[in-house]
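**Student:** Here you go, one structure.
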Amino acid sequence: MKRTIAFLCAALMALSLAGCGLHRPDRAKTMALYQDNEERFREAAASGDFTGLETISGVSDVSVREDYVEIRCGGSGFGPETNYYGIFYSETDDLCAVEWIPPSSPQELVPDGAGYRYTEKGGDNESYVEPLGNHFFYYEAHF
């Protein structure tokens, strides 16, 4: 009986942990979210009302900041293994608008594929920004 209970507990734990990875955001999912909803993103920018984007499956939060709008698509990890993914809107096309790229560091952005990478000096924090067009940018941040 104890073996059966132990087996069931182990199986339940394995299934619950396996499910955690199914909804984990990443670059491909975030880019697909933007491409599938590009018209809604453009309409939000044109109207200045980004709240409707919160109803898109895969968007976890929309924050209107002074210089940009952040559309968070989630994160994963814990402590020094934390990763965030999302999209931001900057009317001025400021690659450094998001808070994890210091505004004084555009010269520290290194071309990387279709975007730019920032790596913190003396640390392990890293960010990637990629223009999507229409003042929207894909971002990821790793801490």
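Just so it is clear, none of the values below were taken in a lab; they were calculated from the coordinates. It should be emphasised that the depicted structure is a prediction, and the values quoted were computed from it without experimental measurement. Note: ideal-geometry Cβ built from the backbone for every residue, glycine included; neighbour counts use all protein chains shown.
**Student:** Once R0 is set to 22 Å, what does the formula 1/(1 + (r/R0)^6) return for the Cβ-Cβ distance between residue 108 and residue 66, expressed as a FRET efficiency to the nearest 0.05?
**Tutor:** The computed FRET efficiency comes out at 0.50.
**Student:** How high is the FRET efficiency between residue 26 and residue 57 when r is their beta carbon distance and R₀ equals 22 Å, given to the nearest 0.05?
**Tutor:** Result of the calculation: an efficiency of 0.90.
**Student:** Separate question: For segment 37-82, which chymotrypsin sites (Phe, Trp or Tyr not before Pro) are in a loop by DSSP, counting at most 13 other Cβ atoms within 10 Å?
**Tutor:** 78
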